[in-house]
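Chemist: I have a structure I would like to understand better, so I am pasting it below and will then ask my questions one at a time.
The values are calculated or read from the model by the stated rules, or taken from the named source; none is laboratory data. Computed from a predicted structure; not experimentally measured. Here the Cβ positions follow ideal geometry from the backbone for every residue, glycine too, while neighbour counts run over all protein chains shown. Surface areas here come from the heavy atoms of the whole protein model, side chains and all, with no ligands, DNA or RNA. Shrake-Rupley method; radii C 1.70, N 1.55, O 1.52, S 1.80 Å.
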Amino acid sequence: MFLRLIMRRSNSVYVLHHSSPPQRFASNYRRPGTPLDNEPPWKRINFNFEKGIRGVKKHFGLLKKEVVEHLTGPGGKSLRQDMLEQTSLVWEFRSSQDLEKWTVSSDMEIGGKSKAFLKLGKNNQTALFYGTLNTEVPHDGETRYSGYCTMRSKPVLGSFNRKLHYDWSNFNTLHLRVRGDGRPWMVNIMTETYFTMQKDDLYNYFLYTRGGPYWQDVKIHFSKFFLSSRGRIQDNQHPLWPDKITALGFTLGDKAEGPFQLEIDFIGLCNDRSHTEEFAYEKYKRNQ
């Protein structure tokens, strides 16, 4: 994952965010400082018969579970329960299996010197994202900016590695219980896209932690998230589609060198009936 930092130039705002690297079939983009990879794809395939049998059993088991949940109701719950549900716990951190649902990266991928780690917190009841931020730019002659650390949820895969998504259409608010060190973070939500040119689209919102020993219960309405692509806020804004969520992440890149930490208790959803705002930002109409 790579990052573009905050800049201001000619009244254009560049937003801190991370995104997945472009796929081979979509672009010939190569990260600065990385060597060319000319190895043919067929050489990366591991032909192992026993592993294949185990994989087939695993995926048929997942398929059976998906069929049962589909016949039962949305998400394996009854339709009545799904419609009346006002809160939902999406991620919690109580074991190493919960941490395996997340991936951590930093500018070390492009030759930087920032370090980031994820481990269970005290009494194995929280997740502690910590490390050191370093803004030194790699001396590769190509990279211009550096200094970021990020954690992001892994994509949800169904049977036979089908890409799934979260359906949050019954809720309108993201609920976080966090304990930071006073640094500002960027909360990123990635949604399912239909066109290749939209693969770098992200919905962002700033999370300001106050530091200290006390926990923060942060509620962010979906209407507050703004659209960006490749680090740039888009003029053509539109609300988040809560029924097509693929991943959620946290990014640090405030250019303040030194250690950092963000402790997370849980990440959930709630339905705030008092919130009626559809979208918090102005939508520009193009001249026809």
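Chemist: On average, how much accessible surface per residue is there in the stretch 135-266, in Å², for a 1.4 Å probe, leaving out ligands, DNA and RNA?
Modeler: Result: 47 Å² per residue.
Chemist: Just to check I understand the Karplus step: with θ = phi - 60° and J = 6.51 cos²θ - 1.76 cosθ + 1.60, what whole-Hz values come out for the stretch 271-281, glycine and proline as x?
Modeler: 10, 8, 5, 7, 8, 10, 5, 7, 7, 8, 10
Chemist: Let me ask something else. Tyr205's amide H: which non-local residues (gap 5+, or another chain) put their own amide H closer than 5 Å, with H modeled 1.01 Å from N in plane and none for Pro or chain starts?
Modeler: Amide H to amide H, under 5 Å and 5 or more residues apart or across chains, Tyr205 pairs with Val187.
Chemist: Can I ask one more? Taking the stretch 53-170 on its own, what percent of its Cα-Cα pair distances exceed 19 Å? If you can, show how the numbers build up before the last one.
Modeler: Numbers: 4563 of 6903 pairs.
Percentage above 19 Å: 66.
Chemist: Here's a follow-up. Within the chain, what's the longest run with no chymotrypsin sites (Phe, Trp or Tyr not before Pro) in a DSSP loop and at most 11 other beta-carbon atoms within 10 Å? Give the range, please.
Modeler: On the way: sites that count: Phe25, Tyr29, Phe47, Tyr194, Phe195, Tyr214, Tyr284.
It works out to 48-193.
Chemist: Please work out the Kirkwood hydrodynamic radius for the stretch 153-238, using every pair of different C-alpha atoms, and report it in angstroms with one decimal place. Present the calculation step by step, with values, prior to reporting the outcome.
Modeler: Working: mean 1/r = 0.0665 Å⁻¹.
Its Kirkwood hydrodynamic radius stands at 15.0 Å.
Chemist: With each run of n ≥ 4 DSSP H residues scored as -39500 (n - 2.57), what mean residue ellipticity at 222 nm is computed for the chain after dividing by its residue count and rounding to the nearest 500 deg cm²/dmol? Don't jump to the answer; show the numbers that get you there.
Modeler: Values: 3 runs with 34 residues, N = 288.
Taking each H run of at least 4 residues, the total per residue is -3500 deg cm²/dmol.
Chemist: With springs only between Cα atoms under 10 Å, which of Asn134, Asn123, Asn172 fluctuates most in a Gaussian network model of the chain?
Modeler: Among Asn134, Asn123, Asn172, the largest mean-square fluctuation in the Gaussian network model of the chain belongs to Asn123.
Chemist: Classify the stretch 128-272 as rounded, prolate or oblate from the Cα gyration tensor: take a ≥ b ≥ c as the square roots of its eigenvalues, call it rounded if a/c is under 1.5, otherwise prolate when a/b beats b/c and oblate if not.
Modeler: Oblate.
Chemist: Please give the contour-minus-distance gain from Arg230 to Thr193: 0.36 nm per residue of separation, less the Cα-Cα distance, rounded to one decimal in nm.
Modeler: Details: separation 37, 0.36 × 37 = 13.32 nm, distance 1.44 nm.
Full extension from Arg230 to Thr193 adds 11.9 nm.
Chemist: Separate question: Quick check for you: with a 1.4 Å probe and neighbouring chains kept, what is the accessible area per residue of the stretch 36-125, in Å²?
Modeler: With the other protein chains kept in place, the stretch 36-125 gives 77 Å² per residue.
Chemist: Once you have a ≥ b ≥ c as the square roots of the Cα gyration tensor eigenvalues for the stretch 209-288, tell me rounded if a/c is under 1.5, and otherwise prolate or oblate according to whether a/b is larger than b/c.
Modeler: Numbers: a/c = 2.34, a/b = 1.43, b/c = 1.64.
Oblate, because a/c is 1.5 or more while a/b does not exceed b/c.
Chemist: Once you've got the Cα coordinates, tell me which of Lys122/Lys163; Lys224/Lys255; Lys64/Lys244; Lys163/Lys255 are over 32 Å apart. Show your work: numbers first, answer last.
Modeler: On the way: Lys122/Lys163 34 Å; Lys224/Lys255 24 Å; Lys64/Lys244 23 Å; Lys163/Lys255 35 Å.
As for pairs spanning more than 32 Å Cα to Cα, those are Lys122/Lys163; Lys163/Lys255.
Chemist: For Ala247, which sequence-distant residues (separation of 5 or more, or a different chain) have an amide H within less than 5 Å of its own amide H, given hydrogens modelled in the peptide plane?
Modeler: So Ala247 has HN proximity to Met190.
Chemist: Just report the Cα centroid separation between the stretch 31-86 and the stretch 92-144, whole Å.
Modeler: 25 Å
Chemist: Pairwise over distinct Cα atoms, reciprocal of the mean inverse distance: report the Kirkwood radius of the chain in Å, one decimal place.
Modeler: Values: mean 1/r = 0.0475 Å⁻¹.
About 21.1 Å, per the Kirkwood formula over Cα pairs.
Chemist: What do the square roots of 5 times the Cα gyration tensor eigenvalues come to for the stretch 33-89, in whole Å, largest first, as semi-axes of the equivalent ellipsoid?
Modeler: In descending order the semi-axes read 40, 21, 7 Å.
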